[in-house]
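Comments concern the structure below.
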Amino acid sequence: MMDAINIENLSKSFGTHRVLDSLDMAVPAGSIFGLVGENGAGKTTIMKIILGLLAGDGGSIRIFGEDISASSTTIGYLPDVPSFYGYMNAIEYMTLCGKIGGIEAGKLKSRTTELLDLVGIGNVKTRISNYSRGMKQRLGIAQALIAEPDILICDEPTSALDPSGRRDILDIIRDQGGETTVIFSTHILTDVERICDQVALLHHGRIVMSGSIEELERSHRSNEIILEFGSAGDRTRFVAALESLDRPYRQDRSSVVVAGDKTGSVIDILHDAGLMPLRMDVVEPDLEKLFMEMVE
Ligand SMILES: Nc1ncnc2c1ncn2[C@@H]1O[C@H](COP(=O)(O)OP(=O)(O)OP(=O)(O)O)[C@@H](O)[C@H]1O
């Protein structure tokens, strides 16, 4: 599959502070790409460089195969803190954005109606200064889509919202995937798991891990098996059996966790020790665990 965006060896410093350090990143066309990193990791900096709002200090950026300086790709942008003219209503604001974007008047009108309906504020007549955070985020997405972009860049679109507002915004963003390539930055990993098909983890100025969520979870960590026993005695015997076999494990208050193993041999250990656990679960790694492992 062609890359919508391909970045190689990109660095960026502000003064002596090196924010991006020979970063490589590829965003497959049509994907919903989650860019994950802690506060200050450089997510906004990458997005601004892709948008041409900031220059990198070297490296190559290709957009659908063309060098960024020659690219004719339309990119929509939802900034982390969108600013609006509060005295305007949604239609006035969209009309202004469309005119600046060079959209022809007849088309602009129908596109405005369509997009405001899409984001669920088609019936809102009030001026923007009266909007809630969630409504502003909705209008921000409509604005970002006005020029029918091939790439949509959303900078932390859900961070300031409550759970139901977040779900609505995620649904809207997910529905853009396929035709549009979406880059979505966040530090909320459950949001990434909910809508993204690709993810990249940014840490210390580099992408430390990237791929599809299933790929990452499969390749970077094996499953863990959690066991609970009916008595302290059973549990002690199980732990003793693990120790005699040099099997790594950890314990918390109620359970024993055995790492990185096929379930079969745990069953053999139980069988040989004549033990029956109360509970035995295989726990698959989630993104949060993987991320914590990478940044620790
Ligand atoms: N114009 C600038 N001048 C100096 N330093 C800057 C500038 N822009 C960003 N930085 C610094 O670069 C680092 C990365 O900032 P950036 O906004 O890209 O991070 P982020 O990952 O988007 O973080 P957040 O999640 O907090 O928005 C931060 O330490 C920030 O202070």
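Any read-out appearing in this document is the output of simple, stated calculations on the displayed coordinates, not a laboratory observation. Worth saying up front: this structure is predicted, and the values here are computed from it rather than measured. For neighbour counting, all protein chains shown are included, and Cβ atoms are generated from backbone atoms with ideal geometry for every residue, glycine included.
Less than 5 angstrom separates the built amide H of Ser11 from those of Ser22, Leu23, Asp57, Gly58, all sequence-distant by 5 or more or on a different chain.
Put simply, the amide H of Ile207, placed in the peptide plane, has neighbours under 5 Å in Asp24, leaving out anything fewer than 5 places away on its chain.
Once the Cα atoms are used to define both axes, helix 263-273 deviates from the longest principal axis of the chain by about 20 degrees.
For the chain, the relative contact order comes to 21 percent (Cα pairs under 8 Å, sequence separation of at least 6). Taking the DSSP beta bridges with both ends in the chain, the antiparallel portion is around 60 percent. Measuring r between the beta carbons of Ser129 and Leu278 and using R0 = 51 Å, the FRET efficiency lands at 0.30.
Considering only alpha-carbon pairs that sit under 8 angstrom and 6 or more positions apart, the relative contact order computed for the stretch 221-295 is 49 percent. Highest mean packing comes first when the peptides 12-22, 94-104 are listed by Cβ atoms within 10 Å, giving 94-104, 12-22. State the Cα centre-to-centre distance between the stretch 89-110 and the stretch 168-210 in whole Å. The two parts, judged by their Cα centres, are 28 Å apart. Packing here is the average count of other Cβ atoms within 10 Å per residue, and on that basis the peptides 139-147, 81-89, 199-207, highest first, run 139-147, 199-207, 81-89. In plain terms, if you count all Cα to Cα distances in the stretch 3-219 and split them into 10 Å steps from zero, the share in each step is 8, 34, 35, 19, 4, 0 percent. Remark: the stretch 175-183, residue by residue, has Karplus-estimated 3J(HN,Hα) of 5, 7, x, x, 5, 9, 8, 10, 10 Hz, where x stands for each Gly or Pro and the curve is 6.51 cos²θ - 1.76 cosθ + 1.60 at θ = phi - 60°. Relative to the longest principal axis of the Cα atoms of the chain, helix 133-144 runs at roughly 60 degrees.
With the cut-off at under 18 Å, measuring from each backbone N in the stretch 182-220 to a point 7 Å along the Cα-to-Cβ line of Ser13 picks out 204-206.
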